[in-house]
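Any read-out appearing in this document is the output of simple, stated calculations on the displayed coordinates, not a laboratory observation. Predicted, not measured: the structure shown is a model, and the values here were computed from it. In this analysis, Cβ positions are derived from the backbone assuming ideal geometry, glycine residues included, and neighbour counts consider all displayed protein chains.
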Amino acid sequence: MELTNTEIPPYRPHTGPYRQYMRDIVLGVNDGLVSILLLVAGVVGGGFTSPQVLLAGIAASLAGAVSMAAGEYIATKSQEEVFTGEMELEREHFLYYRDNELDELREMFGGLGLEGELLESVVTTIGRDDDALLKVMMALEFGVVETERRSPLRAMLTSGLLFLAGSLPPIIPFMFDPTPTGGLVVAAILSGIAVFGVGVAKTIATRTSPLLSGIENLGVASLGAVFSYGVGDLYQRLVS
């Protein structure tokens, strides 16, 4: 049965070359929003004044951005070094243990459903070119595709700068020196809108429900803020 033009969905392009950085984008913004909101809620609950809350928020924002950027750089660079080392070892295997590598390739393609003459033809054709063989082994054996590899510097800048940007909504209200409780209410509203927006925005790539994603993000942040405020309030009661 053929589909008519009215039944065929419109063509939707893939996310594109920044797909591999979606984790950094979402984690950076979300972590900045949620962690700084939780800190603000905790210190307000602990009886801090608005200037003290602002200082704590700025210090935590800067420290968090630097920590996240440095951690992401080291983690991504280490992962890339592992991949590079594996590829160098793979080329050594091509040189000295080529038959073993071709047997692995034959087994992997067999697992994908190829068999008989077609399987042998594919293995023989790919096995003639080391570069082609390496790319196929990278994808099938190590789960690494060249276009999906991550730049440590780009991952560092993405996560660090977006953490910094995400930390602004919880901090901004306290720049105007409101009462701590009033500042927290405004911070919670701004952060809630931003967190919901992040949940909605990420569905551009995940292609899931924007409403459910936004609510999920908002719910997690809200529970954390309530818990953090409660801990701060308990501390104030115990020490006062």
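A few remarks follow.
- Two numbers describe the Cα atoms of the stretch 20-233: Rg and Dmax, which are 24.5, 77 Å.
- Listed values for the stretch 144-150 are Karplus-derived 3J(HN,Hα) couplings in whole Hz (6.51 cos²θ - 1.76 cosθ + 1.60, θ = phi - 60°), namely 10, 10, 3, 6, 9, 6, 10, and x replaces Gly and Pro.
- The stretch 1-123: C-alpha gyration tensor shape, a/c 1.5 cut-off, then a/b vs b/c: oblate
- Rounded to 0.05, the FRET efficiency of the residue 79 and residue 130 pair, given R0 = 22 Å and the Cβ-Cβ distance, is 0.40.
- Backbone geometry of the stretch 26-39 corresponds, through the Karplus equation with coefficients 6.51, -1.76 and 1.60 at θ = phi - 60°, to 3J(HN,Hα) couplings of 5, 5, x, 5, 4, 5, x, 4, 6, 5, 6, 4, 5, 5 Hz, x marking Gly and Pro.
- Sites residue 231 and residue 154 - FRET efficiency at Förster radius 30 Å, r taken between beta-carbons, to 0.05: 0.25
- Compared with the dominant principal axis of the Cα atoms in the chain, helix 130-141 is inclined by about 50°.
- When the square roots of the Cα gyration tensor eigenvalues are ordered a ≥ b ≥ c, the ratio a/c for the stretch 136-217 is 1.5 or more and a/b does not exceed b/c, which makes its shape oblate.
- A simple rule links phi to the HN-Hα coupling: the Karplus curve 6.51 cos²θ - 1.76 cosθ + 1.60 with θ = phi - 60°, which for the stretch 192-206 gives x, 4, 5, 5, 4, x, 5, x, 5, 5, 5, 6, 4, 8, 7 Hz, with x for Gly and Pro.
- Cut-off 15 Å between beta-carbons: net charge of the residues surrounding residue 20, Lys and Arg +1, Asp and Glu -1: +2
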